[in-house]
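Input: a single structure, listed below in structure tokens.
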2 protein chains.
Amino acid sequence: MSSDFHIKREIRILGIDDSALINEKVMIVGAVFRGGDWMDGVLRSDITKDGLDATDVICRMILRSKHYGQIRAVMLDGITYAGFNVVDIEKIYRETGIPVIVVMRSKPDFEKIKSALKYFPDGEERWTIIERAGEIEKVAGERGKGSIYIQRAGISLESVSKIIRLTSIRSNIPEPLRVAHLIATGIILGESRGKA
Amino acid sequence: MSSDFHIKREIRILGIDDSALINEKVMIVGAVFRGGDWMDGVLRSDITKDGLDATDVICRMILRSKHYGQIRAVMLDGITYAGFNVVDIEKIYRETGIPVIVVMRSKPDFEKIKSALKYFPDGEERWTIIERAGEIEKVAGERGKGSIYIQRAGISLESVSKIIRLTSIRSNIPEPLRVAHLIATGIILGESRGKA
């Protein structure tokens with residue numbers, strides 16, 4: 001399932017974040033980066049608050065992009081978007097052929113998520129998708145940067161660690177996700193805020 | 001009117017671009033950069049297609065931003081936004097205290113603009129604002145990069161040249177403007193396109 005590959009300094013990475021939960025439709029923003037250095041493009045789509053369309057919308061956004069042929073990894077900010085719209089990372093990998101890395105600042109409280117999912121008629125389906133993303137692994141930060149936690153599809157832990165180190169220029173959050181977050185909050189709220 | 005100042009490598013610059021003319025309200029995006037290196041924040045406002053509110057909206061956007069105290073220069077992509085919504089760069093400088101640099105890929109055809117403005121009841125007022133932005137000067141690109149043209153308020157030509165060189169990492173267009181353009185087109189069209 002997982003394949004190692006050579007990681008160039010300018011490896012193209014798509015970081016995806018969502019914006020504030022203001023309306024029923026929630027904007028997601030993709031930032032196409034070359035390594036941690038600069039942005040090549042911006043993608044935008046909309047998903048449904050607490051819906052189950054995030055996986056398909058993300059797949060479509062990737063497959064339709066002019067950057068599709070260049071993108072070597074997709075980075076997600078956690079595995080739930082727009083509330084409890086859970087993302088099936090194995091499906092994204094299968095449909096696009098691009099490995100997926102889920103990045104988390106801290107270890108998510110899956111028991112809490114599982115409890116919340118009980119209020120959804122399709123809560124079990126959502127929980128299965130979360131479980132399918134596999135175990136949570138720790139990636140140590142370097143040069144005093146804090147550790148982060150990851151899940152992954154289609155890529156080895158070693159390659160994930162290399163990509164995280166290469167792209168975490170400004171903080172312990174990789175640039176594609178840091179910048180996608182700035183764009184998503186800035187566009188919706190008028191000024192960017194907080195951390196990815 | 002114009003003041004020279006020390007230019008640090010990480011000088012904070014706000015680049016502002018507009019998005020496609022799809023609706024009556026046109027989104028403008030501000031990208032707060034540190035030199036040409038990385039983005040610190042994203043601002044968003046709306047102006048009126050062919051209106052005359054761009055100057056005031058830009059002033060408000062700057063004055064309200066948490067980055068206001070750090071921004072040392074504002075970069076505009078030409079002097080007309082959202083159609084013929086002309087920007088009064090002297091007024092922005094006066095109201096915010098921040099120097100303004102207008103960047104143009106090629107020398108604008110002011111005769112053509114003047115002709116078009118005849119169809120506006122307040123065309124003369126708009127033309128006066130354009131004239132007030134002063135003469136167009138050429139800034140030579142380095143390392144094979146093409147020259148660009150500029151107008152300026154509150155800053156010497158020498159300082160403008162230094163800032164342009166420092167921030168034009170990827171092309172002859174400074175990063176704050178290149179990235180503001182990617183965001184503005186990406187968010188409105190679903191995927192970024194074209195050049196700032």
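Taking the stretch A:1-46 as the search range and keeping residues that are of a type in the set (A, V, I, L, M) and part of a loop (DSSP other than H, G, I, E, B), which one is most open to solvent (accessible area, probe 1.4 Å)?
Checking each candidate, the answer is A:Met1.
Have a look at B:Met75, B:Met61 and point out the one that is in contact with a Pro (Cβ under 7 Å, 6 or more places away or on another chain) and either more than 23 Å from B:Tyr149 (Cβ to Cβ) or not hydroxyl-bearing (Ser, Thr, Tyr) (or both). Reasoning before the result, please.
Values: B:Met61 fails: in contact with a Pro (Cβ under 7 Å, 6 or more places away or on another chain).
Result: B:Met75 is the single residue among B:Met75, B:Met61 that is in contact with a Pro (Cβ under 7 Å, 6 or more places away or on another chain) and either more than 23 Å from B:Tyr149 (Cβ to Cβ) or not hydroxyl-bearing (Ser, Thr, Tyr) (or both).
Rundown of residues vs (1) open to solvent by less than 40 Å² (accessible area, probe 1.4 Å); (2) part of a helix (DSSP H, G or I), yes/no style:
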{"residue": "B:Lys91", "(1), (2)": "no, yes"}
{"residue": "B:Ile113", "(1), (2)": "yes, yes"}
{"residue": "B:Glu124", "(1), (2)": "no, yes"}
{"residue": "B:Arg152", "(1), (2)": "no, no"}
{"residue": "B:Arg165", "(1), (2)": "no, yes"}
{"residue": "B:Asn172", "(1), (2)": "yes, no"}
{"residue": "B:Gly186", "(1), (2)": "yes, yes"}
{"residue": "B:Arg193", "(1), (2)": "no, no"}
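Just a yes or no: is a residue in the stretch B:47-66 of a type in the set (Asp, Glu), more than 16 Å from B:Leu177 (Cβ to Cβ) and open to solvent by less than 30 Å² (accessible area, probe 1.4 Å)? Working first, answer last.
Start the filter on the stretch B:47-66 by keeping residues that are of a type in the set (Asp, Glu), which leaves B:50, B:53, B:56.
Subset that is more than 16 Å from B:Leu177 (Cβ to Cβ): B:50, B:53, B:56.
Applying the additional criterion that residues be open to solvent by less than 30 Å² (accessible area, probe 1.4 Å) yields none.
The answer is no, given that none of the residues of the stretch B:47-66 is of a type in the set (Asp, Glu), more than 16 Å from B:Leu177 (Cβ to Cβ) and open to solvent by less than 30 Å² (accessible area, probe 1.4 Å).
Tell me whether the stretch B:172-191 contains one or more residues that are without any contact (Cβ under 8 Å) to a residue 60 or more places away in the chain, within 12 Å of another protein chain (Cβ to nearest Cβ) and polar (S, T, N, Q).
Within the stretch B:172-191, not a single residue is without any contact (Cβ under 8 Å) to a residue 60 or more places away in the chain, within 12 Å of another protein chain (Cβ to nearest Cβ) and polar (S, T, N, Q).
For the condition away from every other protein chain (no Cβ under 12 Å) and within 25 Å of A:Glu175 (Cβ to Cβ), what is the one hit in B:Ile28, B:Ile79, B:Ile22, B:Ile16? Step through it out loud before you land on a result.
Details: B:Ile28 fails: away from every other protein chain (no Cβ under 12 Å); B:Ile79 fails: within 25 Å of A:Glu175 (Cβ to Cβ); B:Ile22 fails: within 25 Å of A:Glu175 (Cβ to Cβ).
It is B:Ile16.
The values are calculated or read from the model by the stated rules, or taken from the named source; none is laboratory data. Treat the numbers as computed from the prediction; the structure is a model and nothing was measured. We place every Cβ from the backbone using ideal geometry, glycine too, and count neighbours over all the protein chains shown. Just so you know, the surface numbers come from the protein's heavy atoms only, side chains and all, with ligands and any DNA or RNA stripped out. Shrake-Rupley method; radii C 1.70, N 1.55, O 1.52, S 1.80 Å.
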